[in-house]
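Participant: There's a structure below that I have some questions on.
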Amino acid sequence: MKRPTVVAAFALALAFGFAQAQQPIVIKFSHVVAEATPKGKAALKFKELAEALTKGRVKVEVYPNSSLFKDGEEMEALQLGSVQMLAPSVAKFGPLGAREFEVFDLPYIFDNFDEMHKVTNGPVGATLFKKLEGKGIVGLAFWDNGFKVMSANKPIRVPADYKGLKMRIQSSKVLGDQIKALGAIPQVMAFSEVYQALQTGVVDGTENPPSNFYTQKMQEVQKYLALTDHGVIEYAVIANKKFWDGLPADIRGELQKAMSEATKFANDIAKRENDDALEAVKKSGKTQILTLTPAEKAEMKKALVVVHKENEARVGKDILTEVYKATGFKP
Ligand code: LMR
């Protein structure tokens, strides 16, 4: 009588194994911005492509707006494997010990996206990703957002206008030095907390590209926006290394295809998304847009380039030299 049980058990195990094998591989992709942003749309594009190219063997769950993990939690969650993919701003790698990423935060180091792509698609980009491997993280791609504007509740045209203002920044020492160079007070804060902090006056102002400004409704709590173009927000798309290396080779191949198409998509839409967002801010009539004169911009630049020398050792002289070569920036 015993024999059928062994066969049944074997059949059950087989069925379970087969069912398991049919289970899609799940990628949790967490980020902190709204869906109607360059990163928000690119993450959904990656989901669409990854699921199509792997014929459903991979399922991508995108968690926008800090709905799963917020700033300050994301990186650890990735290293622990609680989430498989992130696309944080390059300004958020300092706390992880990869402070070289803050080279992107140096004021006025990029004049346009082409210069930035020479860095992200060149040796510097590869060197920066190498620095993540020892931390259980693999770098997959760089996605653009755009050039930052400064905002506050008073007209901000020249460095003197920033004196004593509390300005929210991302967790980057270079950005802290940038705000101090304007005579203002830097305040590191999670992105998800910025709107409320501006509303309650915990901070007076902040910096971000128009797409983040508009989708976080900052026009409701900021009377002035200055078109400074003083820096960029760029994203590093990263994955948990153990997860990524553990993928079946064919799946990883398809995901790399999906990532490179999603990267092209992200970088193709970034500028337009920010131009459209700035138009929408204008249309809202809630925030006055300040276009700086060449003299005002020159004054901003003069006040801020000191940050380069101050942080040469931090970001690495070699990396800085490479970036200067790629962008033609003269400190
Ligand atoms: C910020 O914290 O201001 C940005 O990095 C948010 C983002 O991901 O664009």
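Participant: Looking at K135, K173, K130, which is the one that is charged (D, E, K, R), within 16 Å of the ligand (Cβ to nearest atom) and either under 30 Å from K59 (Cα atoms) or under 17 Å from the mean Cα position of the chain (by Cα) (or both)?
Facilitator: Unique residue meeting the criteria: K173.
Participant: Could you grab me the full set of residues in segment 188-234 that are farther than 20 Å from F104 by Cβ, polar (S, T, N, Q) and within 12 Å of the ligand (Cβ to nearest atom)?
Facilitator: S192, T215, Q216
Participant: Considering each of N311, N274 in turn, give the residue that is touching a strand residue (DSSP E or B) at 6+ places or on another chain (Cβ under 6 Å) and either without any contact (Cβ under 8 Å) to a residue 40 or more places away in the chain or surrounded by 15 or more Cβ atoms within 10 Å (Cβ to Cβ) (or both). Please lay out each step first, then the result.
Facilitator: Working: N311 fails: touching a strand residue (DSSP E or B) at 6+ places or on another chain (Cβ under 6 Å).
Every option except N274 fails the conditions.
Participant: Take residues that are among the small types (G, A, S) and tell me which of the helices (runs of 4 or more DSSP H) falling wholly in segment 245-331 contain 2 or more.
Facilitator: 249-284, 294-304
Participant: Related question: Quick check on my filter: what residues within segment 32-74 are closer than 19 Å to F243 by Cα, part of a helix (DSSP H, G or I) and within 13 Å of the ligand (Cβ to nearest atom)?
Facilitator: Residues satisfying the conditions are A43, E74.
Participant: Taking the residues in segment 208-226 that are crowded, with 23+ Cβ neighbours inside 10 Å and under 16 Å from the mean Cα position of the chain (by Cα) as candidates, determine which candidate is nearest to P159 (Cα to Cα).
Facilitator: N208
Participant: Here is a follow-up. Considering segment 157-170 alone, what residues qualify as being of a type outside the set (A, V, I, L, M) and either away from the ligand (no atom under 16 Å from the Cβ) or under 21 Å from V103 (Cα atoms) (or both)?
Facilitator: Taking segment 157-170 and keeping what is of a type outside the set (A, V, I, L, M), we get 157, 159, 161-164, 166, 168, 170.
Of everything in segment 157-170, those that are of a type outside the set (A, V, I, L, M) and either away from the ligand (no atom under 16 Å from the Cβ) or under 21 Å from V103 (Cα atoms) (or both) turn out to be R157, P159, D161, Y162, K163, G164, R168, Q170.
Participant: Could you tell me whether any residue of segment 177-186 is within 28 Å of L68 (Cα to Cα) and touching a helix residue (DSSP H, G or I) at 6+ places or on another chain (Cβ under 8 Å)?
Facilitator: Yes, that holds for at least one residue.
Participant: Next question. Inspect segment 208-229 for any residue being within 18 Å of G125 (Cβ to Cβ) and either part of a helix (DSSP H, G or I) or modelled with pLDDT under 95 (or both) and give the result as yes or no.
Facilitator: no
The values are calculated or read from the model by the stated rules, or taken from the named source; none is laboratory data. No experiment lies behind these values; they were computed from the predicted model shown. For neighbour counting, all protein chains shown are included, and Cβ atoms are generated from backbone atoms with ideal geometry for every residue, glycine included.
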